[in-house]
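Shown next, in structure tokens, is the structure this report addresses.
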Amino acid sequence: MTTDADLWAADESAAQTPGILERPRDVEAERVLVATAVMQPAAIDELGAEGFDPADITTDWLRWAWFAVEELRARFRDGELKHLAVHRQLETWHADGRMPVRVPAAEHLMELCNEAHYGNAAWYAARVTKKAIAARVVALGYDAILKGTSPAFDEDADVAAIQADLDGAVRPTDEENLAPIGALIGESLIRAVTPPTNDHRVPTGFIDLDSLFCGGFTPGQMIVIGARPAMGKSTIAQDFARGAAIRNKVPTLIESLEMSNGDLSDRILCAEARIPLHHLRQGIVSDTDVARAAARVQGTIADAPLYINDGALLSLATLRARVRNLVRTKGLRLVIIDYLQLMQVGRADNRQQAVADLSRGLKLLAKDFNISIIVLCQLNRGPEQRTEKRPQVSDLRESGAIEQDADIVILLHREDAYDKESPRAGEADLIVGKHRNGPTATITTAFQGHFARFTDMAAT
């Protein structure tokens, strides 16, 4: 990948070369910032605590002057002319070969100190950081041009790499996420005596599930719904979408790699208005049902923040771009993917590694954008090979990484799918086989296949 060093040569005149964009920078803010640090060394710690990175200072000798203050601030004596101490340190580093740039004259450092702005260091630091981010974005633009014009361009690997680099241009560093336990433990004690509100959670639409999950799905979670074919994975996913978007106005995106948006629209209408799906498909819905459906559409469905994409090709890079846009424009909070094994993957040594990469990428997507992601997943044939057909978490197909990355794993099981004469006909079990932040349980629901929905049992 092209680095900043490749694009911004040490000789600043290179930035003026025809055809080359001038590097975004704010030299005035850099000078004020370093002058303030020299005259008031405590600013170094204050700005560091707020996440300022001195590597964002583009003028070499100013950056080295900052490093000299960092080195000397604990040894400064009262009344000392700090610019002279900084000058001596820079000369020492230059003589040792550590500092590759020319040392400015002591008079130059003294003049610099006149530009210090006490009390405004954070504002100038923000200006420097903003320009540094802009410079990284420009550098990534050049890198994208090089990749896109290369004969070896790979639409999967290169687009994903560019997307990841672009996210990294503004993503907080690991150091900025560090926190001492003393600053965290007090909040834990407060949470211990404060019942959680449901404002930030995504309701599931099922009373017992909401109770088990303390109000619904949590931002940053990846929820896996696993089942064998024809058990109703897509249907339960649509129920989660209806519970979130239609009943609770939570902006939701469905990525359907299997069904068309027309099929999904039909099924959601039937589930909401209690219209037999086969009647709708045959065009023989009664006038009474049509009137009820029209009222339901006008009252709730039409205004629901539910968005459906039925594109057959979906990669992590494409999904990340779409999620970023919808988070910004619609306040997106829930994404449903139907289903994992149909997503496009980049090059990998084997299918297990490819699925593991997808799983990890989806988990990071949930964390990066602070949203909940529901991923539908096929199970292997394990349940059908056992006397008791109930699925297990280990039946997740193709990769144990799915189980590892998931915060919640819900396995869907219907006894009447295997035994038409089962006394539990019409019932479905939602087996919560993994729950990272709480207990596991089996929630029994009613399966109303003719309405294309699951619903709470009457006794709930």
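The values are calculated or read from the model by the stated rules, or taken from the named source; none is laboratory data. Source: prediction; values computed, not measured. Reconstructed Cβ throughout: ideal geometry from the backbone, glycine too, with neighbour counts over all protein chains shown.
The table below lists the values:
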| item | result |
| --- | --- |
| The listed residue being surrounded by 14 or more Cβ atoms within 10 Å (Cβ to Cβ), hydroxyl-bearing (Ser, Thr, Tyr) and either modelled with pLDDT under 75 or assigned to a helix (DSSP H, G or I) (or both), out of 36, 58 | 36 |
| Condition check for residue 381: exposed (fewer than 13 other Cβ atoms within 10 Å of the Cβ) and under 24 Å from the mean Cα position of the chain (by Cα) | no |
| Hits in segment 64-84 - residues which are surrounded by fewer than 19 Cβ atoms within 10 Å (Cβ to Cβ) and modelled with pLDDT under 85 | 70, 71, 72, 73, 74, 75, 76, 77, 78, 79, 80, 81 |
| Spans of helices (runs of 4 or more DSSP H) in segment 270-389 with at least 2 residues farther than 27 Å from residue 202 by Cα, in the same structural domain as residue 259 (by TED's automatic domain parsing) and modelled with pLDDT under 80 | 351-369 |
| Candidates 94, 83, 87, 117 - the one that is touching a Cys at 6+ places or on another chain (Cβ under 7 Å) and in the same structural domain as residue 22 (by TED's automatic domain parsing) | 83 |
| In segment 111-126, residue nearest to residue 50 (Cα to Cα) [restricted to those that are surrounded by fewer than 18 Cβ atoms within 10 Å (Cβ to Cβ) and in contact with a helix residue (DSSP H, G or I) (Cβ under 6 Å, 6 or more places away or on another chain)] | 117 |
| Qualifying residues in segment 248-269 (those that are of a type in the set (Ser, Thr, Tyr) and not in a strand (DSSP E or B)) - the one surrounded by the most Cβ atoms within 10 Å (Cβ to Cβ) | 265 |
| Cβ pairs under 6 Å, 6+ apart, first in segment 268-295 and in contact (Cβ under 8 Å) with a residue 40 or more places away in the chain, second surrounded by 11 or more Cβ atoms within 10 Å (Cβ to Cβ) and β-branched (Val, Ile, Thr) | 275/285 |
| Filtered residue count, segment 1-33, keeping only those that are at pLDDT 85 or above and aliphatic (A, V, I, L, M) | 4 |
| Verdict on residue 129 being under 23 Å from the mean Cα position of the chain (by Cα), of a type in the set (Ser, Thr, Tyr), surrounded by 10 or more Cβ atoms within 10 Å (Cβ to Cβ) and modelled with pLDDT under 75 | no |
| Candidate set from segment 270-302 (those that are surrounded by 13 or more Cβ atoms within 10 Å (Cβ to Cβ) and acidic (Asp, Glu)); member that is nearest to residue 238 (Cα to Cα) | 272 |
| Scope segment 397-412; condition within 23 Å of the chain's Cα centre (by Cα), modelled with pLDDT under 80 and in a loop (DSSP other than H, G, I, E, B); matching residues | 399, 400 |
| Residue 394 more than 21 Å from the chain's Cα centre (by Cα) and closer than 18 Å to residue 341 by Cβ | yes |
| Among the residues listed as 43, 68, 132, the single one being assigned to a helix (DSSP H, G or I) and under 30 Å from residue 166 (Cβ atoms) | 132 |
| Meets criteria (among the aromatic types (Phe, Trp, Tyr), assigned to a helix (DSSP H, G or I) and modelled with pLDDT under 85) for residue 142 | yes |
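Results for (1) touching a Ser or Thr at 6+ places or on another chain (Cβ under 8 Å); (2) modelled with pLDDT under 75; (3) loosely packed, with under 13 Cβ neighbours inside 10 Å, shown as yes or no for each residue.
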residue: 91; (1), (2), (3): no, no, no
residue: 101; (1), (2), (3): no, no, no
residue: 138; (1), (2), (3): no, no, no
residue: 148; (1), (2), (3): no, no, yes
residue: 171; (1), (2), (3): no, yes, yes
residue: 190; (1), (2), (3): no, no, yes
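Yes/no per residue for (1) of a type in the set (D, E, K, R); (2) under 31 Å from the mean Cα position of the chain (by Cα):
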{"site": "239", "(1), (2)": "yes, yes"}
{"site": "250", "(1), (2)": "no, yes"}
{"site": "260", "(1), (2)": "no, yes"}
{"site": "268", "(1), (2)": "no, yes"}
{"site": "279", "(1), (2)": "no, no"}
{"site": "294", "(1), (2)": "no, no"}
{"site": "299", "(1), (2)": "no, no"}
{"site": "305", "(1), (2)": "no, yes"}
{"site": "309", "(1), (2)": "no, yes"}
